[in-house]
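Participant: Dropping the structure in here first, questions after.
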Amino acid sequence: MKKSTLLSLSLSFAATAFTQINKGQFLAGGNINFESIKSESSVNAPYELTNFFISPNIGYFIINKMATGLRIDFRSYNTKSQNLDVHQVTTSISPFLRYYFLPLQKKVNAFIDISYIHDKSKWRSDPNPGYIEKTKGYYFFGGPSIFLTDQIALEFTVGYKHTKSDDFVENKINKFSSGVGLQIHFGKIKNKSKV
């Protein structure tokens with residue numbers, strides 16, 4: 001009994017299914033990340049760092065397999081050391097463009113997502129009242145999108161982000177990232193094209 005149940009689940013996952021990445025449909029989802037770092041170095045003073053990231057998005061498929069939309073990023077950083085406590089909160093609204101490469105019916109698809117970034121960061125530390133820094137740049141990431149159902153996709157991503165600030169001194173930052181996310185695809189099914 002257990003073997004037949006496992007076999008039927010495996011076959012149903014391997015089979016193709018209609019996924020909702022057609023023109024006129026929507027997607028909503030995002031990523032959540034948390035980091036906690038404790039550093040004990042013989043060279044630098046020990047410190048603790050906590051990072052929290054949340055990145056919800058909503059999009060609309062303008063053509064089959066291509067969606068455009070908005071992503072709201074919220075990031076919070078806290079650093080504590082012997083001499084200084086620093087708190088930073090960054091928010092941004094980023095327009096994005098996302099493209100899926102494989103045919104519509106595939107349970108596993110691949111995508112790339114490109115967005116423009118306009119960040120606003122508020123910094124605060126113990127001796128200072130704080131300041132605001134604005135940055136702009138771009139972010140692109142991609143990876144596999146595994147459709148657990150016709151509407152729900154689990155994503156594993158790798159990406160690259162470049163930002164630049166000119167507020168006080170020119171500051172350029174390049175970041176590589178990896179993550180996991182969830183997208184919900186919804187809307188009326190208009191056709192089952194095999195594009």
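Bear in mind these aren't lab numbers, they're just calculated from the coordinates by the rules spelled out. Note that the coordinates shown come from a computational prediction; the quantities given were computed from them, not determined experimentally. Cβ: placed from backbone, ideal geometry, glycine included. Neighbour counts: every protein chain shown.
Participant: Mind grabbing the base-10 log of I(q)/I(0) for region 65-195 at q = 0.12, 0.15, 0.17, 0.20 Å⁻¹? Debye formula, identical points on the C-alpha positions, no solvent, two decimal places.
Facilitator: Taken in order of the listed q values, log10 I(q)/I(0) reads -0.60, -0.82, -0.97, -1.19.
Participant: How many nm is it between the label spots at residue 76 and residue 91, if each spot is 7 Å from the Cα in line with the beta carbon?
Facilitator: Taking the simple label geometry, residue 76 and residue 91 are separated by 1.3 nm.
Participant: Search the structure for amide H atoms under 5 Å from the amide H of residue 64, placed 1.01 Å from N in the peptide plane, and list their residues when 5 or more places away or on another chain.
Facilitator: 23
Participant: Which of the residue pairs 134/161; 107/164; 136/188; 122/175; 65/172; 120/188 have a Cα-Cα distance greater than 26 Å in the structure shown? Kindly include the intermediate steps, with their values, before the conclusion.
Facilitator: Values: 134/161 15 Å; 107/164 38 Å; 136/188 36 Å; 122/175 20 Å; 65/172 33 Å; 120/188 37 Å.
From the list (134/161; 107/164; 136/188; 122/175; 65/172; 120/188), the Cα-Cα distance tops 26 Å for 107/164; 136/188; 65/172; 120/188.
Participant: If you don't mind, there's one more thing I want to ask. Residue by residue through region 64-77, which ³J(HN,Hα) values in whole Hz follow from phi under the Karplus form 6.51 cos²θ - 1.76 cosθ + 1.60 (θ = phi - 60°), with glycine and proline marked x?
Facilitator: Values, residue by residue: 4, 6, 10, 10, 10, x, 10, 10, 10, 9, 10, 10, 10, 10 Hz.
Participant: If contacts are Cα pairs under 8 angstrom and at least 6 residues apart, what is the relative contact order of region 84-165 in percent?
Facilitator: Relative contact order comes out at 27 percent.
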